[in-house]
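Working notes, structure below.
The values are calculated or read from the model by the stated rules, or taken from the named source; none is laboratory data. All values reported here derive from a predicted model rather than from experimental measurement. Note: ideal-geometry Cβ built from the backbone for every residue, glycine included; neighbour counts use all protein chains shown.
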């Protein structure tokens, strides 16, 4: 009985070595047109699938292997006599090895300039069907969906028998490949209708392991970095990124995406400790660093403009773990690379416009939570002044800045800022007054004059105590969502104290 190996590959790397060694082991090589042509050029004798089926490839190659002679040859259970008798009766030959990988759908998407028709044409139909068939029947058929498995499989074939453990490993990998492939396609089509933002009936993750990390948050935990699309940033210098570095990078980018003017965001343990905007990055750095001159040491610095040499020299004066920039101007990398352990990251500016997915997923011990990304409500036209006193033009500008900043903090959150800089931040507390005290303490610790400063609260004030405390520190304008039964009391307090208060109607909790 002739043994057959079907090889049909989009990624043809190492295919000639696989085919030659299988031929030496006595397998007849079956292949589709483009793979057959490649293998013949490498000196491999190949029988085309169309010769086996007696049916030509049609529809511009859309239909090649979708034929009973192919799938019956793969799916026949070798342990069932009636299956083998059916093959003999119909003259169908068994296929014992299936080496298939899929059309480059992910790569086509990641090009960024592919047309919708190009994307559709790179949805593989026959490939997943072949892989699923071979993986289902893995006790009798070897399914090779990853070139890394070619040589280990050949070694076992040369030894005379492939273990059931290895066959199961190959099947597991094959089903994961097809599952991820289908999830990516589903995600693409979901994105075409993203404007509806309706919760999907089923939500599938499609992620590949981008990097194995030394450990997770702590050394006793495993950690890995997974990607659902092309990585939007590139490491240019420094040590391998850790699990916590990835968290800090994400937190910093979330901050940068909110600002259009030249802005510096300094992050420590996923919390912003300084944010400043200015006419230049150097000016923005001075404001961001002045917010808290202690915490930035060992922190992460992100900028939303190409990093210039003047700003780089200022950042270089302190120890930073990571610097993020969309680009580095001449001479900057040479300066910053002198500290060999510092990580330098260049990110795609497009990452600041929108996330790769409109959804955020959080895991629980008993399930998952899915939500839309929080679109920041920073349009003053949608706000309502609820006090007798109207905020001045400068205060309104500062309230807009504070409202962006507070959305980055953990609830309960309070941000005390000017129009372009942070003075004090308080977050992650169990009561709003505690966050208020913390923000005021930080501002006092670093000597900030709060005359003209404003306050933003990510949620409503349940009592007037925070307003009274803010007024004692000369803060005259506050922005908050509103919506508490205590709103009348809080508004009355502001009127008594001569303060302006703005309701946004939208809160920004981050738990």
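Check off (1) out of contact with any helix residue (DSSP H, G or I) (no Cβ under 8 Å at 6 or more places or on another chain); (2) modelled with pLDDT of 90 or more; (3) closer than 18 Å to residue 479 by Cα for residue 433 and give me the number that stays unchecked.
If we test residue 433 against (1) out of contact with any helix residue (DSSP H, G or I) (no Cβ under 8 Å at 6 or more places or on another chain); (2) modelled with pLDDT of 90 or more; (3) closer than 18 Å to residue 479 by Cα, just (1) comes out false.
In the range 98-185, which helices (runs of 4 or more DSSP H) lie fully inside it and hold 3 or more residues that are touching a helix residue (DSSP H, G or I) at 6+ places or on another chain (Cβ under 8 Å)?
Hits in the range 98-185: 105-111, 126-136, 150-159.
What residue, of 490, 405, is crowded, with 17+ Cβ neighbours inside 10 Å, closer than 18 Å to residue 267 by Cβ, modelled with pLDDT of 95 or more and touching a helix residue (DSSP H, G or I) at 6+ places or on another chain (Cβ under 9 Å)?
405
Scan 207, 231, 273 and give me the residue that is touching a strand residue (DSSP E or B) at 6+ places or on another chain (Cβ under 9 Å) and buried (at least 22 other Cβ atoms within 10 Å of the Cβ). Break it down into steps so the answer makes sense when it comes.
On the way: 207 fails: buried (at least 22 other Cβ atoms within 10 Å of the Cβ); 231 fails: buried (at least 22 other Cβ atoms within 10 Å of the Cβ).
Answer to the check: 273.
Taking residue 414, is it touching a helix residue (DSSP H, G or I) at 6+ places or on another chain (Cβ under 8 Å), within 19 Å of residue 254 (Cβ to Cβ) and either outside the structural domain of residue 488 (by TED's automatic domain parsing) or at pLDDT below 95 (or both)? Step through it out loud before you land on a result.
Working: touching a helix residue (DSSP H, G or I) at 6+ places or on another chain (Cβ under 8 Å): yes; within 19 Å of residue 254 (Cβ to Cβ): yes; either outside the structural domain of residue 488 (by TED's automatic domain parsing) or at pLDDT below 95 (or both): no.
No; evaluated as a whole, the condition is false for this residue.
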